[in-house]
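To start, the structure itself, in structure tokens.
The values are calculated or read from the model by the stated rules, or taken from the named source; none is laboratory data. Note that this is a predicted model, so its numbers are computed, not measured. Neighbour counts are summed over all protein chains in view; Cβ atoms, including those assigned to glycine, are modelled from backbone coordinates with ideal geometry. Remember, those area values only see protein heavy atoms, side chains included, never the ligands or the DNA or RNA. Shrake-Rupley method; radii C 1.70, N 1.55, O 1.52, S 1.80 Å.
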Amino acid sequence: MTPRFLDLLRALDRHAVEHVIVGGVAAILEGAPMTTLDLDVVFRVDDRNVSRLHALLVELDARYRDPAGRSITPTADRLRANRVNLLETKLGPLDVLQEVGAGRRYEELLPRSHARDVGDLRVYVLDLADVIASKEVAGREKDLAMLPLLRRTLELKREARH
Amino acid sequence: MFENKDGESRLRRPRAAEEPTLEGAFANDGVDLTLIRWMLQLTPAERLRAAQDLLDAASALRAGDDP
């Protein structure tokens, strides 16, 4: 299913899930001319926030994108246990992560993010330099392929500030 | 690819001001800087909308619809 980015962000907001937007959507919001097929967020891993996130995922009828084709639902225990949760929801693919890059969690990422207004929503978006760093650490070909575009975007953003 | 019909490079400054130029359009690694500059002029909401529209259009094309 094609992701509904804004609807996913609204749903996260409606459930007051504490999160930082990372990955491709963060790069787009920061100005990179690209697209992506999922929304990646790093969430705060504490009981209250996991409970909120779980309630959201129930509402979105979320299932793990399981290569074996099984229908596995995210539970609070699974969200606490798994660093990476690749989910399909009725609003499209949503990846809820405990960390990105070299083990950087929500508490570390939040000060490195920017508050951005998307319509009437206030969201927190990881700084583009850190998005680049996370992709460098990931080191996958699909991430490395994006680096020239992301680095040039960062350069032009910095030039525009001066 | 970057030459006009007379074989002149469009990466150099054009002879006449009204001629289009590709000077400054690409980074050394081939990244299209014009698209980045365009995106940076948009608000975050507009950037997300652009990405969403692209996905929706691709999805419609795959389905054989008129996007």
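Things worth noting here:
- The label-point distance for B:THR34 and B:ASP53, in a model that sets each label 7 Å from Cα toward Cβ, rounds to 1.7 nm.
- Dipole orientation for segment A:75-149: of the candidates A:LEU87, A:HIS114, A:ALA129, A:LEU87 has the Cα lying most toward the positive pole (charges on Cβ; Lys, Arg +1; Asp, Glu -1).
- Inter-chain Cβ neighbour count for B:40-50, averaged per residue, equals 6 (cutoff 10 Å, partner chain atoms only).
- The mean accessible area for residues of segment A:15-162, using a 1.4 Å probe and ignoring ligands and nucleic acids, is 47 Å² per residue.
- For chain A, the longest principal axis of the Cα atoms and the long axis of helix A:47-59 meet at an angle of about 80 degrees.
- When the P(r) is computed for the protein assembly as shown, the part past 28 Å accounts for 37% of the Cα-Cα pairs.
- On Cα atoms only, tilt of A:5-14 relative to the major axis of chain A in degrees: 60 degrees
- Here r is the Cβ-Cβ distance between A:ASP61 and A:HIS162 and R0 is 45 Å; the resulting FRET efficiency, rounded to 0.05, is 0.40.
- Its residue count N sets the reference 2.2 N^0.38 Å, and the alpha-carbon radius of gyration of segment A:58-101 equals 1.10 times that reference.
- Computed over the Cα atoms of segment A:1-52, the ratio of the radius of gyration to the Kirkwood radius (Rg/Rh) comes to 1.00.
- With N the number of residues in segment A:6-127, Rg(Cα) / (2.2 N^0.38 Å) evaluates to 0.99.
- Helix axis angle, A:128-138 relative to chain A longest principal axis, alpha carbon, degrees: 60 degrees
- For A:LEU86 and A:ARG70, the difference between the fully extended length at 0.36 nm per residue and the C-alpha to C-alpha distance is 4.4 nm.
- Whole-percent carbon and sulfur share, accessible surface of segment A:33-162, 1.4 Å: 49 percent
- Chains B and A together bury roughly 1900 Å² of accessible surface, counting both sides and using a 1.4 Å probe on protein heavy atoms.
- Only the Cβ atoms of Lys and Arg (+1) and of Asp and Glu (-1) were treated as charged; on that basis the dipole of segment A:64-162 about its Cα centre amounts to roughly 60 debye.
- GNM top mover of A:GLU141, A:GLU18, A:GLU59 - chain A, alpha-carbon springs below 10 Å: A:GLU141
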